[in-house]
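Only the coordinates and a few stated rules stand behind these numbers; no lab work does. Computed from a predicted model, the values in this text were never measured in an experiment. Please note: Cβ atoms are built from the backbone with ideal geometry, for glycine as well, and neighbour counts cover all protein chains shown.
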Amino acid sequence: MCGSELHSLPDSVQRVARLLQDAGHAHAPRMLDDAARTAQQAADALGIAVGQIAKSIVFRRKSDDVAVLVVTSGDKRVDEKKVDALVGKTGRADAEFVKAKTGFSIGGVSPFAHATPPVTLIDRELFRFDEIWAAAGHPHAVVKLTPQDLERLTGAPVAEVV
């Protein structure tokens, strides 16, 4: 990406693309024809296993109203008790909270390039795969990476949260 093609992307995807470009990441965000608001929709659109989708789940930490982002494999369910044991008591985050804290709408929450940096955890289940795909700031946008890229780009610890 040289930069000029960024202008045709939605603002939230441009933010992700700039972070990836600045980090020297080999892949730019890819716009899908249809929305991929769920891990299954994204996997179907990409022709990959649902487990290869790095889904972003946002919680609201009760003690300080900070966003807690858990990035997990699309075929797994987050265990909120495990998350709470690592970061403190959390609760559900509604769409307004997610948009305000991350700058992304639900269904397009990227693991990086947030409006306000969240507390982030990466589930170790993603490391079963050599290649994963994550939302890139919009329900139609995804980006290809490795679990190691995800760890490097977020600076987040890897934990058992499913």
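Quick notes on this structure:
- Protection proxy ranking of 127-138, 8-19, 36-47 - average other beta-carbon atoms within 10 Å, highest first: 127-138, 8-19, 36-47
- Per residue, the chain reaches -7500 deg cm²/dmol at 222 nm when only DSSP H runs of four or more residues are counted, each adding -39500 (n - 2.57).
- Bins of 10 Å, starting at 0 and running to the largest distance - Cα pair percent for the chain: 12, 43, 37, 8, 0
- Per residue, the convex hull spanned by the Cα atoms of the range 88-155 measures out at 97 cubic angstrom.
- Placing a label point 7 Å from the Cα of Ser8 along the Cα-to-Cβ line, the residues of the range 144-158 whose backbone N sits under 19 Å from it are 144.
- Only one residue of Thr90, Pro111, Leu153 has its Cα farthest out toward the positive end of the dipole of the range 4-159, where Lys and Arg carry +1 and Asp and Glu -1 on Cβ, and that residue is Thr90.
- Computed FRET value (nearest 0.05) for Ala85 with Asp44, which takes r as the C-beta separation and R₀ as 41 Å: 0.75
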